[in-house]
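Here is the structure we will look at.
The values are calculated or read from the model by the stated rules, or taken from the named source; none is laboratory data. From a predicted model like this one, the values you see are computed outputs, not experimental measurements. Because the Cβ atoms are built from the backbone with ideal geometry, glycine has one as well, and the counts that use them run over all protein chains shown.
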Amino acid sequence: MIKMILALKRAEHLTHDEFVDYQREKHRPLLMSIPETERYLRRLVVSCPVPAPRHPGPDFDSIVEAWFDSMSDLEALFLSDNFQKIVDPDHVNFVDLTSVQQMVCEEDVVVDRVLAPSAVLR
């Protein structure tokens, strides 16, 4: 499994809440609208900071994890005409493009104690 991790800061004209809202309500639907997302993307996780007493403030407004079966699938999504024409141009509307940090990696899961859906207490 290949994962791309992106650390994003908001564009200067947005508050953190406006950034989160734009990413969730406007940008995400664009990404999900292209057929390459359905074909190549295996998992998408977007993490946004929350207040955490005794911890330093975050350097980023969100961390995005995009999971793929292979490097060729990652490239097939990000280099597709649909991504290039529909999704990528939207980044300028909410992301400070000069500050984006990116890493392509493989995971080494050390501990995984996530509860199965049937084990969740109600």
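In the range 47-91, what count of residues is obtained for those that are of a type in the set (Asp, Glu) and in contact (Cβ under 8 Å) with a residue 60 or more places away in the chain? First the steps, then the outcome.
Of the range 47-91, the ones of a type in the set (Asp, Glu) are 59, 61, 65, 69, 73, 75, 81, 88, 90.
Cutting the leftovers down to in contact (Cβ under 8 Å) with a residue 60 or more places away in the chain gives us 65, 69, 73, 90.
Number of matching residues: 4.
Remark: pairs (first residue in the range 101-113, of a type in the set (S, T, N, Q); second residue surrounded by 10 or more Cβ atoms within 10 Å (Cβ to Cβ) and at pLDDT 85 or above; Cβ separation under 8 Å; 6+ apart in sequence or on different chains) = GLN101/LEU6; GLN101/ALA7; GLN101/PHE60; GLN102/MET4; GLN102/ILE5; GLN102/LEU6; GLN102/ALA7. Checking each residue in the range 19-46 for being touching a residue at least 24 places away in the same chain (Cβ under 8 Å), part of a helix (DSSP H, G or I) and surrounded by 12 or more Cβ atoms within 10 Å (Cβ to Cβ) picks out PHE19, VAL20, TYR22, GLN23, LYS26, HIS27, LEU30, LEU31, SER33, GLU36, THR37, TYR40.
Candidates in the range 43-90 are the residues that are of a type in the set (Ser, Thr, Tyr) and touching a helix residue (DSSP H, G or I) at 6+ places or on another chain (Cβ under 8 Å); of these, the one that is nearest to THR15 (Cα to Cα) is SER62. Scanning the range 63-117 for residues that are in a loop (DSSP other than H, G, I, E, B), buried (at least 16 other Cβ atoms within 10 Å of the Cβ) and of a type in the set (Gly, Ala, Ser) yields one hit, SER80. When the range 49-97 is filtered for residues that are at pLDDT below 95 and on the phi < 0 side of the Ramachandran plot, the ones remaining, listed by number, are PRO49, VAL50, PRO51, ALA52, PRO53, HIS55, PRO56, GLY57, PRO58, ASP59.
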